[in-house]
2 protein chains.
Amino acid sequence: MTAEPTLADVGEFALIARIAEVVGVGPVAVGDIGVGDDAAVISLGRDPRVVATTDVLIEGRHFRRDWSSAYDIGRKAAAANLADLEAMGARPVSLLVAFAAPATTPVGFAVDVARGLVDEAASAGAVVSGGDTARADSISVTVTALGALDGRAPVLRSGARVADALYVTGTLGWSAAGLALLELDDPLLIERHRALIDAHCQARPPYGYGVAVAVAGATAMIDVSDGLLADLQHVLTASGVGADVAALASDEMVAAAARDLGVDPSVWMWGGGEDHALVFTMPPGVTPPAHVALRTLGTITAAPGIRIDGVLAEPLGFDHFVAT
Amino acid sequence: MTAEPTLADVGEFALIARIAEVVGVGPVAVGDIGVGDDAAVISLGRDPRVVATTDVLIEGRHFRRDWSSAYDIGRKAAAANLADLEAMGARPVSLLVAFAAPATTPVGFAVDVARGLVDEAASAGAVVSGGDTARADSISVTVTALGALDGRAPVLRSGARVADALYVTGTLGWSAAGLALLELDDPLLIERHRALIDAHCQARPPYGYGVAVAVAGATAMIDVSDGLLADLQHVLTASGVGADVAALASDEMVAAAARDLGVDPSVWMWGGGEDHALVFTMPPGVTPPAHVALRTLGTITAAPGIRIDGVLAEPLGFDHFVAT
């Protein structure tokens, strides 16, 4: 029996060739030049503005290998960035990936990360166009996502106006509930709430809805990565406004997990990050597109802060350097 | 006396605000939306193709904090990516940066990395448009560089044709000589060859020359990041050709250091990476722009491989996972 080959066994160039094979499986835009040259050339269509965002995922901080497969990690790294494009109302086009790992990492791990990246990109209509690999003490995946505006204005955090309606599309609290279940490590509960575990290990942003609500006239938008309360506050601060919102009923999945764990689900709903739901505002009288599954959160106000059923909410979010 | 504040002391959001201040010092393209929203919106001019590349620099692998200042590390991380754009004949426009570091890292360190990135970007005509920060066990800086083609075709590795002339612009062997001097750690030698040390800690790619030779009709181009021999071989392999080259005389700086260290400078010249010199080919009879300082390396041949003064060269390059 032969041990699985490691990155040190095959070397950087063979690793890149192997990853290029995987990436080649995905759809490649005609005329693009990707893996194998100094840089990728990516067509944005007709609009010469690129929407660009980057996020780094670090082992032990953003994922754990005993909880997430390499494929999951690839999907999660891609999703975090693709959701940022959606939150600008941009159409996802391309990902670039920097993968760092110890030399003892199995080649199959790197290839599975690449597969996850390619599949998640494809689910958002994008491709993987290039990247870099390096040796490091721990595993990290840094993704840069590039999107196109196709002639539209970007939807910024700063565009919310008094009396705008406030909406959210996508799941809330699923990733946080999944994390709580993983931390409890009870096999029965993990089996029972598998969908929440999966939602933590592989986020599922509402792809396509960012562009749809931008086209329909959204005035401001953000994706929930630090928690609904924290991310909504970013929009309100940038726009110089506040919000009146109603208490959020948790969906059946989250409510059931909260009952089993004996906790209040509203902490997951308001404080849980990484679901990458899209929070957006629309002027009064403007209707969101009918095909976008959403719930109404409330209304933008001149008074600053967030009032939940009239009670001013305390800040609740995640700080990567301060939080545990 | 108060200890210098760390990333844990100020938290992620304050750190980002502090970095945004630094980044704001640099030139910001009109209409761009950068740090502070979900993604940056970057104008490429009139050509809706973006040239994109990403590189990760890891502490202990690509830099050492006892050799390089935080400012140097920022410059080096930017240079590696900007040089890749130059090697495509692209005009550098924007950088995105993912910075990961332990919570105990001084805030001033992160800010100085940002200053280095901003200054290096400015020297290539680009700006820093956005980024991400995360807590990690060691420091890494991942930069994605975006460039514009302004209607030109990109200059690929695969475009070299038989009888094309082969040129190089930029320094060769300086970074490798600087590294050898740092490893020897002799204060007198370090003082005497300060320019080579600086070249190792802060690369100086020949900005602007990539676009200039692209406009003049370069058929293939690459930047020297793994070593002249290894990178030239990438061009030859991609183009399905070989090259006859002449032995390279080392410049005075490199020759003096080689004498002091009692080594053959040709190993630095042919094998040293990270100078980010540009190697390019031009059709016979086409003259490179007069303002580009260059030397002629040789001629492209139908016979594969690299012959130095008629002798077939052995591969000599750097593999991040296999090399020491």
So, in the range B:56-74, exactly how many residues are in contact with a Cys (Cβ under 9 Å, 6 or more places away or on another chain) and buried (at least 24 other Cβ atoms within 10 Å of the Cβ)?
1
Under the condition of being closer than 15 Å to B:PHE63 by Cα and surrounded by 24 or more Cβ atoms within 10 Å (Cβ to Cβ), which residue from the range B:129-150 is nearest to the chain's Cα centre (by Cα)?
B:VAL143
Taking B:ASN81 and the conditions (1) within 12 Å of chain A (Cβ to nearest Cβ); (2) surrounded by fewer than 21 Cβ atoms within 10 Å (Cβ to Cβ), which numbered condition does it fall short on, given that it satisfies the others?
(2)
Of all residues in the range B:91-108, which are more than 24 Å from A:LEU85 (Cα to Cα), touching a Ser or Thr at 6+ places or on another chain (Cβ under 9 Å) and not polar (S, T, N, Q)?
B:ALA101, B:PRO102, B:ALA103, B:PRO106, B:VAL107
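I'd like the full set of residues that are at the interface with chain A (Cβ under 9 Å from one of its Cβ atoms) and not acidic (Asp, Glu), limited to the range B:106-132.
As a first pass, look at the range B:106-132 and keep what is at the interface with chain A (Cβ under 9 Å from one of its Cβ atoms): B:129-132.
If the condition is that a residue be at the interface with chain A (Cβ under 9 Å from one of its Cβ atoms) and not acidic (Asp, Glu), then B:SER129, B:GLY130, B:GLY131 are the ones that fit.
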Going by the structure shown, is A:VAL127 closer than 30 Å to B:LEU44 by Cα and among the aliphatic types (A, V, I, L, M)?
yes
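Check the range A:134-141 and report whether any residue there is within 14 Å of chain B (Cβ to nearest Cβ) and in contact with a helix residue (DSSP H, G or I) (Cβ under 7 Å, 6 or more places away or on another chain). Spell out how you get there, then give the answer.
Narrowing the range A:134-141 to residues within 14 Å of chain B (Cβ to nearest Cβ): A:134-141.
Cutting the leftovers down to in contact with a helix residue (DSSP H, G or I) (Cβ under 7 Å, 6 or more places away or on another chain) gives us A:141.
Within the range A:134-141 (the criterion being within 14 Å of chain B (Cβ to nearest Cβ) and in contact with a helix residue (DSSP H, G or I) (Cβ under 7 Å, 6 or more places away or on another chain)), the answer is yes, since at least one residue qualifies.
Being modelled with pLDDT of 70 or more, among the β-branched types (Val, Ile, Thr), crowded, with 16+ Cβ neighbours inside 10 Å and closer than 14 Å to B:SER94 by Cβ narrows it down to one of B:VAL22, B:VAL10, B:VAL41, B:VAL35, so name that one.
Values: B:VAL22 fails: closer than 14 Å to B:SER94 by Cβ; B:VAL10 fails: closer than 14 Å to B:SER94 by Cβ; B:VAL35 fails: modelled with pLDDT of 70 or more.
Sole residue among the options that is modelled with pLDDT of 70 or more, among the β-branched types (Val, Ile, Thr), crowded, with 16+ Cβ neighbours inside 10 Å and closer than 14 Å to B:SER94 by Cβ: B:VAL41.
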Answer yes or no: is there a residue in the range B:259-276 that is hydrophobic (A, V, I, L, M, F, W, C), touching a residue at least 40 places away in the same chain (Cβ under 8 Å), closer than 25 Å to B:ALA124 by Cβ and surrounded by fewer than 22 Cβ atoms within 10 Å (Cβ to Cβ).
no
Index of the failed condition, B:ALA100 passing every other in (1) within 7 Å of chain A (Cβ to nearest Cβ); (2) in contact with a Phe, Trp or Tyr (Cβ under 8 Å, 6 or more places away or on another chain); (3) buried (at least 24 other Cβ atoms within 10 Å of the Cβ); (4) closer than 20 Å to B:PRO5 by Cα:
(2)
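The values are calculated or read from the model by the stated rules, or taken from the named source; none is laboratory data. If you're wondering where the values come from, they're calculated on a predicted model, not measured in any experiment. Glycine also receives a Cβ, built like all others from the backbone with ideal geometry; neighbour counts cover every protein chain displayed.
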